[in-house]
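Engineer: Below is one structure. I have some questions about it.
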Amino acid sequence: MMRKERMVALLAVALGVATAAPAWADCQNRTELTITADGAAIDASGSAEARAQGDQQRFKVSIDARVADGTIFEVFANGQLAGTITVALGVGELDLNTNDGAVLPAGSNPVCGITTVEVQTAAGTVLLQGSL
C-alpha cells in the first residue's frame, strides 16, 4: 500500500509542476491608452500590445497625434524607457521584438511583466498612459 501512496504523491507533484505557469508564460495583452489633458491638446490617441509565445516576445505601441512630422515621443514600460516614436503624417509606432536574437530593454523584458505604459514628450509630459 505504501508504494501506491508514493506513486499517487509523485503523480500529484508531477502534475502540479506541469501545470504551474512559469514567469515567462505566453501572453497576449492589448489596451487602448488613456489620453491626458496634454494629450488632448494635440489630439493624441494610441494603443499598446504585449505578446509572447515560447521564446518570442513583442512589445508594440502605436500612436496618432496632430503634431509636426519628425516629432519624437518617448515610450516608458514599467517606468523605464523602452524606446522612442518618431511621428510621420500624424502616426508613429514603436515595435520591439526578440526576432533574430534581439534583447528587449529593461522594463519591457519580459513583455508579459509589463504593467504600465506611458507616452511622454522629451520634457517628461505624459500624453497617453495605460495598463496592460
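Read-outs: derived from the displayed coordinates by stated rules, not from any lab. Quick caveat: nothing in here was measured; it's all calculated off a predicted structure. Positions of Cβ are backbone-derived with ideal geometry, glycine not excepted, and every protein chain shown enters the neighbour counts.
Engineer: For region 67-87, name all the residues that are more than 17 Å from V126 (Cβ to Cβ) and not aliphatic (A, V, I, L, M).
Structural biologist: Quick first cut of region 67-87, residues more than 17 Å from V126 (Cβ to Cβ) only: 68-70, 86.
Listed by number, the residues that qualify are D69, G70, T86.
Engineer: Okay, next question. Looking at (1) under 16 Å from the mean Cα position of the chain (by Cα); (2) within 23 Å of Q28 (Cβ to Cβ); (3) part of a strand (DSSP E or B), which one does G92 not meet, given that it meets all the others?
Structural biologist: (1)
Engineer: Here are some conditions: (1) in a loop (DSSP other than H, G, I, E, B); (2) in contact with a strand residue (DSSP E or B) (Cβ under 6 Å, 6 or more places away or on another chain); (3) under 18 Å from C27 (Cβ atoms); (4) of a type outside the set (A, V, I, L, M, F, W, C). D69 meets all but one. Which one does it not meet?
Structural biologist: (3)
Engineer: Testing G101 on (1) more than 19 Å from Q28 (Cα to Cα); (2) surrounded by 12 or more Cβ atoms within 10 Å (Cβ to Cβ), one condition comes back false. Which one is that?
Structural biologist: (2)
Engineer: Here's another thing I want to ask about it. Look at region 43-66 and say how many of its residues are crowded, with 16+ Cβ neighbours inside 10 Å and not aliphatic (A, V, I, L, M). Break it down into steps so the answer makes sense when it comes.
Structural biologist: At the first step, the residues of region 43-66 found to be crowded, with 16+ Cβ neighbours inside 10 Å are 44-52, 57-65.
Imposing the further condition that a residue be not aliphatic (A, V, I, L, M) reduces the set to 45-47, 49, 51, 57-60, 62, 64.
Looking only at that region, the number is 11.
Engineer: Okay, moving on. Within region 67-85, does at least one residue satisfy the condition of being surrounded by 17 or more Cβ atoms within 10 Å (Cβ to Cβ) and touching a helix residue (DSSP H, G or I) at 6+ places or on another chain (Cβ under 7 Å)?
Structural biologist: no
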